[in-house]
Amino acid sequence: MDKTYQLVLDQSTSGTKLLLFQEGKIVQRYDKKHRQIYPKVGWVEHDPLEIWQNVQELLAQVFQEQAITADQIVSLSLTNQRETIVAWDRLTGNPLYNAIVWQCNRSAAICEELTAQGWEKTINQKTGLRLDPYFSGTKVKWLAQELSAIKEKSGTGELAIGTMDSWLLWNLTQGTVFATEASNACRTLFYNIEEGCWDEELVKLFGIHLADLPAIKPSDAVFGDYHGIPIKGILADSQAALFGEGCQKLGDVKITMGTGCSIMMQVQQEQTLRDRRILTTVGWQTSQETAFALEGIIRSCGDAINWFSEQVAPLPDVAEICQEVLTSDSQEDIYFIPALQGMGAPFWDNTMTASFVGMKRTTTTHELLKAVLESIIFQIKAVIDVMEEVAERLINQVMIDGGVSKNRALMSLLATLINKPVIVSEVEEFSAIGTMLVANSTMNEPAIQQTTIVPQAEHGVIRLKYEKWKRFIEKLAAFSEG
């Protein structure tokens, strides 16, 4: 029987998708959401057993509904939310704690302590990252400090600590494979991007042992099998989208607008670029090449819209209303400080909190929502300006994917604000597409319909509003420091 299908698991922050490809084209997509757990203010967790259960149900569903067998599958690939960390017992296979999500700020005090001890420069030089609760390392240090089981099992061969790809790979292979690859490993604060391996000094700093961490393989390796299907191709979701968008030339930029937002610039072999406002990270490491990227992380993108529609003003059709509020004529001058989980790049302020500025008695919920939407593109503008400065090159255009990119009014406003063409793809599955292409390197990139949105001539109003928003951010940063 001919093998004509590829499967890609896309395990994201809000849920898990399983995509069935046939000869490189998406045939069907299946989705299952999982709970967002908020034990305390600023804490975010997922249940790793719930996520694994969802994966099993999705795999069963695709085989049943599509009437296909394992013999027809060329590869099962995996792309995943980054920085979210899971610790489990290798003997029982049970998690020792919930997954601590990339959004979680519980390790802020650990970051402050390590910064005070002078570790920031060393960590930035070795990893390309910065000391921030966003990354896995300080979450692991919190686990090591708070859970006796971590202390007891660390270094014995009984403890497994890994990003979500490692957890799912372990379960897909029935506990026989404990591995990851560089695009996930480089988000942990343990991985030395200059040497391409775990850094023993940093591993020790964060309170664990090398024996607790997965083996690192090329992204296009065969990692094992699931009921006879080769598990081939693993990439972290933002890097996978960079690959899927075809951003392989120096200076190519893509923006993924999902729960959070990742802005990445392809820099090929220029991995020595360092700036505290922006990250240097592994794009991908295959058996053929290693590519690096600059990245700006925005914590609240689609999540800010969800928060507003769930907690502030319940809206019946939030996507439609998001289009309307941007095209309506409003005299209000409202600004949103989107620090729902602190501020990411290029500000990196975990003490800042969210707020609306400029509200009056006449302010409506629609005008507040408009301010939330504008704050998303203001953050993107701030990152792109820094990215051009650090890379010493102008960005000509940006490729955009993700659910928020469906808002064409917002995309038009973004193009006008950054004064660059914005190329929006009609599909939002570039993480899955990129991972599928890494796993099947001889396959041609699928033809995807794209829309180019050009800047509007009248850009003065949105530019002035951006400058005013940035001044509010600066004032709030000074206030939080004081």
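The values are calculated or read from the model by the stated rules, or taken from the named source; none is laboratory data. Small disclaimer: the values here were computed from a predicted structure and weren't measured. Using ideal geometry, Cβ is built from the backbone for each residue, glycine included, and neighbour counts are taken over all protein chains shown. Each accessible area value is taken on the protein alone, full model and side chains, heavy atoms only, with ligands, DNA and RNA left out. Shrake-Rupley method; radii C 1.70, N 1.55, O 1.52, S 1.80 Å.
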* Asked: Normalised by the residues of the chain, what does the relative contact order come to in percent, with Cα pairs under 8 Å and at least six apart?
  -> 14 percent
* Structure fact -> Whole-Hz Karplus couplings 3J(HN,Hα) for region 377-394, θ = phi - 60° and coefficients 6.51, -1.76, 1.60, Gly and Pro as x, run 6, 5, 5, 4, 4, 4, 5, 4, 4, 5, 4, 5, 5, 5, 7, 6, 7, 7
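For region 239-331, run through the trypsin sites (Lys or Arg not before Pro) and keep only the ones in DSSP coil with at most 16 other Cβ atoms within 10 Å of their Cβ. Present the calculation step by step, with values, prior to reporting the outcome.
Details: sites: K249, K254, R274, R276, R277, R299; in loops: K249, R274, R276, R277, R299.
Within region 239-331, the qualifying trypsin sites (Lys or Arg not before Pro) (loop, at most 16 other Cβ atoms within 10 Å) are K249, R274, R276.
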* Asked: At what distance in nm do the modelled label points of V427 and V461 sit from each other, each positioned 7 Å from its Cα along Cα→Cβ?
  -> 3.7 nm
* Using a 1.4 Å probe and ignoring any ligands, DNA or RNA, find the accessible area of M359 and quote it in Å² to the nearest 10. => 110 Å²
* Counting pairs of alpha carbon atoms under 8 Å apart in space and at least six apart in sequence, what relative contact order in percent does region 5-217 give? -> 18 percent
* Could you run the Karplus curve 6.51 cos²θ - 1.76 cosθ + 1.60 with θ = phi - 60° over region 402-409 and give me ³J(HN,Hα) per residue in whole Hz, x for Gly and Pro? => x, x, 5, 5, 5, 7, 5, 5
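Among DSSP bridges having both ends in region 246-481, what percentage is antiparallel? Round to the nearest 5. Intermediate values should be presented prior to the final figure.
Numbers: 27 of 34 bridges.
DSSP beta bridges in region 246-481 are roughly 80 percent antiparallel.
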* **For G224, residues with placed amide H under 5 Å, excluding near neighbours** => I231
* Asked: Which residue, chosen from V203, Q174, C186, occupies the Cα position most advanced towards the positive end of the dipole of region 170-214, where the dipole is computed from +1 (Lys, Arg) and -1 (Asp, Glu) charges on Cβ about the Cα centre?
  -> Q174
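What FRET efficiency, computed as 1/(1 + (r/R0)^6) with R0 = 60 Å and r the Cβ-Cβ distance, is obtained for W307 and H227, rounded to the nearest 0.05? Provide the component values of the computation, followed by the final result.
Values: r = 40 Å, r/R0 = 0.66.
FRET efficiency, W307 to H227: 0.90.
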* **Cross-link partners of K33 among aspartates and glutamates (Cα-Cα below 18 Å; sequence separation of 8 or more within a chain)** => D10, E45, D47, E50, E57, D165, D237, D303, E310, E428, E429
* Between K33 and Q450, what is the label-to-label distance in nm when each label sits 7 Å out along the Cα-to-Cβ direction? -> 3.2 nm
* To do: Please report, to one decimal in angstroms, the Kirkwood hydrodynamic radius of region 5-217 built from all distinct Cα-Cα pairs.
  => 17.9 Å
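Contour minus end-to-end for Q125 and R408, with contour as 0.36 nm per residue of separation and end-to-end as the Cα-Cα distance? Let's see the in-between values first.
Working: separation 283, 0.36 × 283 = 101.88 nm, distance 3.91 nm.
Taking Q125 through R408 to full extension adds about 98.0 nm, to one decimal.
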* When the gyration tensor of region 58-176 is built from Cα positions, what are the square roots of 5 times its three eigenvalues, in whole Å, from largest to smallest? -> 34, 18, 12
* Asked: Roughly how large, in nm² to one decimal, is the mean projection of the convex hull of the alpha-carbon atoms in the chain?
  -> 22.1 nm²
* Structure fact -> Checking region 274-353 for GluC sites (Glu not before Pro) in a loop per DSSP with at most 14 other beta-carbon atoms within 10 Å yields E289
* Structure fact -> If amide H atoms are modeled at 1.01 Å from N in the peptide plane, then the residues at a separation of 5 or more from R82, or on another chain, having amide H under 5 Å from its own are D237
* Cα centre as origin, Lys/Arg/Asp/Glu Cβ charges: the chain dipole, Debye -> 720 debye
* What percent antiparallel are the DSSP beta bridges of the chain, to the nearest 5? -> 75 percent
* Structure fact -> If amide H atoms are modeled at 1.01 Å from N in the peptide plane, then the residues at a separation of 5 or more from I278, or on another chain, having amide H under 5 Å from its own are none
* Asked: With labels modelled as points extended 7 Å from the Cα through the Cβ direction, what inter-label distance (nm, one decimal) is found for E332 paired with Q22?
  -> 4.9 nm
* **Under the Karplus curve 6.51 cos²θ - 1.76 cosθ + 1.60, θ = phi - 60°, whole-Hz ³J(HN,Hα) for region 301-312, x wherever Gly or Pro sits** => 10, x, 5, 5, 5, 4, 4, 5, 6, 8, 10, 9
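Which value at 222 nm does the chain reach when only helices count, each DSSP H run of 4 or more adding -39,500 (n - 2.57), with the total divided by all residues and rounded to the nearest 500 deg cm²/dmol? List each step's numbers first, then the result.
Values: 15 runs with 166 residues, N = 482.
Using -39500 (n - 2.57) per qualifying helix, the result is -10500 deg cm²/dmol.
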* Where in region 11-27 is the amide nitrogen less than 12 Å from a point lying 7 Å along the Cα-to-Cβ axis of Q66? -> 18-27
* To do: Take the alpha carbon gyration tensor of region 246-481, find the square roots of its eigenvalues, order them as a ≥ b ≥ c, and report rounded if a/c is under 1.5; if not, report prolate when a/b exceeds b/c, else oblate.
  => prolate
* What's the FRET efficiency of K204 with T272 using the Cβ-Cβ distance as r and R₀ = 25 Å, to the nearest 0.05? -> 0.50
